[in-house]
Amino acid sequence: MKENPYTWHSSADSVTTDLMGIVLRNSQGHELNIENLSENLTISLPTKGIPHMDRVQLSVPISELEKSTPTMLSDYKDRDILVVEFRADEGSAVIIYVKPVEENITLKVYVKEDERPDMNDMNSNATRIPHDADTLYRSRTDKTAHPNVIYMPKSNHNRTLFIGILLENNNPRNSEFVAGYNMSGIPENETQGLHLELDIGTYTFNCLFWNEFLQMWSDAGCDVSPLATPGGLSCDCNHMTTFSGSFFVIPNVAYHFGHENVFLTSSNNPVTASVISAVWLLYIILVVYAKRHDRKDTSHKTRPGDNNSLQHHCYLVTIVTGLQQDASTSANVFIQLNGTKGSSESQQLKRRYGNAELFRAGNEDYFLVTTMGSIGFLESITIWHDNTGDYPNWYLNEVIVRDLQKDQVWEFMCNRWMAANQEDFSFSCTLRTKNENRLKQTSESLLRLIGNVMLDNHLWLSIFSKPPESHFTRVQRTTCVFTLILSQM
């Protein structure tokens, strides 16, 4: 039966194979209830579709003896084991299929739960694949299991399984295969890795039957048989009813141990351990630096304070201090706005509340300037400082003024020092919205925009140059950088 007619219970989601029903009737035609048999019935059901296989490479260490003839090393090490990892859910039997692409090659395979197999496991417990004929599971009907399949019965808990694989080193056919490897161009007495391709499939199976009493699919009294293969489910059951099964391809991850410095412990691999330790140490140092400067950024943030309550027309003034060395100022700064309908009063740009430090290098500081009414279209501003404090010299980048009532914005480019020992030795300047050198202003605006994008948006540079008003902190940026570094290692 191709389609499942019993779909009303949620357990039907597990049914992935065809269905088969076995019914026995007595001489009157009544159905017999067959259950709790002393010997199990074996039911075979084909799986749907072509089972998925992963092709992986097993690196076999070889060396050169006489006359450029390669030979397998007599003693394998833990690093030579190809390990395939996968997870299996509770209540499911596991079928593992391992087959070399090259004909007549034999392998040593061992499956271990929760940890990778080592050479002790491979030497004492590994299974030969393909299985020898006399070691294959054989049913009562004299049917044998697949020689390339390893069967693991169901477990009552979720488990992580590791498959360890090595090329068997005492098989004549394997030696012939290795002897055909071309050693030309390889330095004498060096160990090389011969790559052997394998097809590997990992699958979980469940045997199910339709329970008429409970009206659901159940696995009671049915177990997956060791005869199961990726192409067909085989079940041992002690009753008769409608049978089906579930089949799932388990994703797996192959770890190649071909290089001697990969996947070793820190004591055996000091270079990798040292590099990772250095990266973490650098991360800790930068986080401490970033946290300290994040606190400074918080103290440098300013918000516009209240102004004269009788003046109702508001202008938001943004002062952008340059990033040049010693661009900050300790002086008191004043401003006057000049428009087509008049001018504002001269107002000191100062902190209204909080402990924010003003006019720091790279900062944007915000102030509220109020007037009795609109002063019209802004033509110019006059800005100056009183040359007081320990470091009065100031490099002003730009002033941006926004009319909050009319939502108009004016930009005034400065890009100059206001200092007694710089340029024109002046503490003040008048900036206009229009001047004769419009091209210069445009180029300066473009350069500033590019600079701000690099300093704020470049993940690495912004750890050191983040604007204080940005909500993306330096610690967060540092963590993102090292997440990217460690994900590539």
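The values are calculated or read from the model by the stated rules, or taken from the named source; none is laboratory data. Only a predicted model underlies this, so the values are computations on that prediction, with no experimental measurement involved. In this analysis, Cβ positions are derived from the backbone assuming ideal geometry, glycine residues included, and neighbour counts consider all displayed protein chains. Accessible surface areas use protein heavy atoms only, side chains included; no ligands, DNA or RNA. Shrake-Rupley method; radii C 1.70, N 1.55, O 1.52, S 1.80 Å.
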| Being at pLDDT 80 or above, more than 30 Å from LEU167 (Cα to Cα), of a type outside the set (A, V, I, L, M) and open to solvent by 60 Å² or more (accessible area, probe 1.4 Å), is that true of even one residue in segment 226-240? | no
| remark: Exactly one of LYS108, LYS48 is basic (Lys, Arg), touching a Ser or Thr at 6+ places or on another chain (Cβ under 8 Å) and at pLDDT below 85, and that one is LYS48
| message | If SER309 meets every condition in (1) open to solvent by 30 Å² or more (accessible area, probe 1.4 Å); (2) modelled with pLDDT of 85 or more; (3) of a type in the set (S, T, N, Q); (4) within 30 Å of LEU368 (Cβ to Cβ) apart from one, which number is that one? | response | (2)
| query | TYR137 is checked against (1) modelled with pLDDT of 85 or more; (2) open to solvent by 20 Å² or more (accessible area, probe 1.4 Å); (3) not polar (S, T, N, Q) and fails just one. What number does that condition carry? | reply | (1)
| query | ILE375 versus (1) buried (at least 17 other Cβ atoms within 10 Å of the Cβ); (2) modelled with pLDDT of 90 or more; (3) outside any loop (DSSP other than H, G, I, E, B): which is the lone unmet condition? | reply | (3)
| note | Counting only residues that are surrounded by 14 or more Cβ atoms within 10 Å (Cβ to Cβ), over 28 Å from the mean Cα position of the chain (by Cα) and not hydrophobic (A, V, I, L, M, F, W, C), segment 92-122 contains a total of 9
| remark: Within segment 114-143, the count of residues that are within 24 Å of CYS222 (Cα to Cα) and in contact (Cβ under 8 Å) with a residue 12 or more places away in the chain comes to 5
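Condition check ((1) closer than 20 Å to LYS154 by Cα; (2) touching a strand residue (DSSP E or B) at 6+ places or on another chain (Cβ under 6 Å)) across all residues:
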residue: LYS77; (1), (2): no, no
residue: ILE95; (1), (2): yes, yes
residue: VAL101; (1), (2): no, yes
residue: GLU113; (1), (2): yes, yes
| task | Return the residue satisfying two criteria in turn: it lies in segment 420-463 and is touching a Leu at 6+ places or on another chain (Cβ under 9 Å) and open to solvent by 50 Å² or more (accessible area, probe 1.4 Å), and of such residues it is modelled with the lowest pLDDT. | result | MET454
| remark: How many residues of segment 141-168 are surrounded by 19 or more Cβ atoms within 10 Å (Cβ to Cβ) and not β-branched (Val, Ile, Thr)? The answer is 9
| Can you name the residue in segment 371-407 that is among the polar types (S, T, N, Q) and in contact with a strand residue (DSSP E or B) (Cβ under 7 Å, 6 or more places away or on another chain) and is also nearest to ARG432 (Cα to Cα) among such residues? | SER380
| note | Within segment 18-52, of all residues that are under 35 Å from the mean Cα position of the chain (by Cα) and not charged (D, E, K, R), the one nearest to SER234 (Cα to Cα) is THR47
| query | Consider PHE359 against the criteria (1) of a type in the set (Phe, Trp, Tyr); (2) surrounded by fewer than 15 Cβ atoms within 10 Å (Cβ to Cβ); (3) under 51 Å from the mean Cα position of the chain (by Cα): it satisfies all of them except one. Which criterion is unmet? | reply | (2)
| field | Some residue of segment 191-203 being at pLDDT 85 or above, open to solvent by 10 Å² or more (accessible area, probe 1.4 Å) and more than 20 Å from ASN156 (Cα to Cα) | value | yes
| Here is a list of conditions, (1) modelled with pLDDT of 85 or more; (2) open to solvent by less than 70 Å² (accessible area, probe 1.4 Å), and ARG402 meets all of them except one; can you say which number that is? | (2)
| note | Note on segment 387-399: residues surrounded by 13 or more Cβ atoms within 10 Å (Cβ to Cβ) and either in contact with a Gly (Cβ under 6 Å, 6 or more places away or on another chain) or free of Cβ contacts under 8 Å to residues at least 60 places away in the same chain (or both) are ASN387, TYR395, ASN397
| task | Could you please let me know if LEU281 is surrounded by fewer than 12 Cβ atoms within 10 Å (Cβ to Cβ), farther than 19 Å from THR318 by Cβ and at pLDDT 80 or above? | result | yes
| Quick check: anything in segment 163-180 of a type in the set (Ser, Thr, Tyr) and either under 27 Å from CYS222 (Cα atoms) or within 34 Å of the chain's Cα centre (by Cα) (or both)? | no
| request: Scan segment 405-416 residue by residue and report those that are out of contact with any Cys (no Cβ under 8 Å at 6 or more places or on another chain) and open to solvent by less than 50 Å² (accessible area, probe 1.4 Å). | output: TRP410, PHE412, MET413, ASN415
| message | Of the conditions (1) within 22 Å of LYS99 (Cβ to Cβ); (2) open to solvent by less than 50 Å² (accessible area, probe 1.4 Å), ASN4 satisfies every one except a single condition; which number is it? | response | (1)
| remark: Within segment 324-356, residues open to solvent by less than 30 Å² (accessible area, probe 1.4 Å), without any contact (Cβ under 8 Å) to a residue 60 or more places away in the chain and in a loop (DSSP other than H, G, I, E, B) come out as SER344, ALA356
